[in-house]
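The structure appears right after this line, and notes come after that.
The values are calculated or read from the model by the stated rules, or taken from the named source; none is laboratory data. In this text the structure is predicted, and so the values were computed from the model without any measurement. Every residue, glycine among them, receives a Cβ derived from its backbone with ideal geometry; neighbour counts consider all protein chains shown. For accessibility, only protein heavy atoms count, side chains too; no ligands or nucleic acids. Shrake-Rupley method; radii C 1.70, N 1.55, O 1.52, S 1.80 Å.
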Amino acid sequence: MISSFYKKIVGTSSTVESNQQKILCVGLTCLDIVQTCKQYPAEDSDQRSVDCRWQRGGNASNTCTVLSQLGSSCEFFGTLSAEEHLSFLQNDMQNYNIDYSHCPMIENIGCPTSTVILSLRSGSRTILHHNPNLPELTLKNFEQLHLEDYSWIHFEGRNLTEVLSMMQCVENYNNMLNYSQDTNNKETKSSQASITISVELERPRQELLDLLPYVDVAFISKDFAQSRGYDSMSETLKNISEDAKSGATLICAWADRGAMARTPDNIIVQSPAFPPQKVVDTLGAGDTFNAAVIHFLNKAKLEFIRRRKLKSCEMNSALQKDVEIKRNIKMNYNIESSECSHTEFITQNVLQAAVSFACQVAGAKVGLRGYNKLD
Ligand code: ADP
Ligand code: FRU
């Protein structure tokens, strides 16, 4: 059954425009073997599950699945093991219209695999992950990309040294764009905006905080927060702010407590969770939440840039015609400024709407098996 819940929430067609800049998600894809049980099994017991399926998994890969369904043009970038599960992962990405054309192929090392137990009684998802040391992406791999193809690059917080260099590479590219625009270099496309960099801190590895000075938007998961000893979203945001660069947006999702975020101007916004009638599958809830925030904010960014251009061309009348954008993103931008800083488009209203939207999408997802399309 192809449910239309994402479309209902977004309220628009999820058709992807082929010429738009993409959202790139950098990280892991793996095979998830998912067993649904009435309740979490006792150790050394022998019991039947109620459902079993294979699914493409991995945070960046799941985030692409949801981004694509919401209508964002996206690309997955991570290493792929060239062994027996390759075609399963590739076919699934094709089904979801996810570009994976730049992924390096690794010979003779198996695919990372997770065995996942979903408990219908508690709603928990227990993940047992195995990675047979599939090499991570390198800076060299990243340098093969054409950065002008992307409006947003989202990194999984892993592989610290290389990811840090990749972020620096994007930062250099952004500085170069801004410099060219400042000096009115005619050879640079004047329409090109800086790439927004986001990161997800999920694994309980404290050194991942070193990534924060490079990112515009940071997702701090409850697992990471708890590993630092924080018990709440507000405590997390307050403490993490110290490591973030000024003007960064920080976002913290916390299961059935919903999510909280801090704007670049240090204003806190919050959304409750939107629980479904029955929680059936919380695997990838965080990845879904991240995708929905990125989708929303990237749309807001594109709209911000579009309005700025319209203003400068004195074509304001065209604004009246754009019913879809007006209905979905009610923004109140100051479009007097001719400069677009990295996060100027993230106002309090926009962030509030993004977080609330993402809680609705993630809430709907946990009421569904998988990510909707293949069910
Ligand atoms: P992760 O998959 O990283 O553990 P979380 O469990 O923190 O992610 O969930 C991310 C988001 O998904 C939450 O902010 C919430 O909006 C939604 N969500 C997760 N679990 C539930 C639930 N039981 N009921 C409603 N929404 C949920
Ligand atoms: C969910 C997930 C699974 C995967 C695991 C890897 O967030 O990406 O799909 O098996 O986490 O840690």
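For the reader, a short list of remarks on this structure follows.
- Residue satisfying all of: in the stretch 348-375; charged (D, E, K, R) and modelled with pLDDT of 60 or more; nearest to ligand 2 (Cβ to nearest atom) among these: K365
- Residues of the stretch 229-275 that are in contact with a Cys (Cβ under 8 Å, 6 or more places away or on another chain), in contact (Cβ under 8 Å) with a residue 40 or more places away in the chain and not aliphatic (A, V, I, L, M): G258, S271, P272, F274.
- For the stretch 69-96, residues that are of a type in the set (S, T, N, Q) and surrounded by 19 or more Cβ atoms within 10 Å (Cβ to Cβ) total 5.
- Selected residue [farther than 25 Å from I23 by Cα and at pLDDT 95 or above] from H129, H146, H102, H154: H129
- Considering the stretch 108-132, and only residues there that are more than 9 Å from ligand 2 (Cβ to nearest atom), open to solvent by 50 Å² or more (accessible area, probe 1.4 Å) and touching a residue at least 60 places away in the same chain (Cβ under 8 Å), the residue that is farthest from the chain's Cα centre (by Cα) turns out to be R121.
- In the set Q226, Q206, Q270, Q277, only one residue is within 16 Å of ligand 2 (Cβ to nearest atom) and open to solvent by 10 Å² or more (accessible area, probe 1.4 Å); that residue is Q226.
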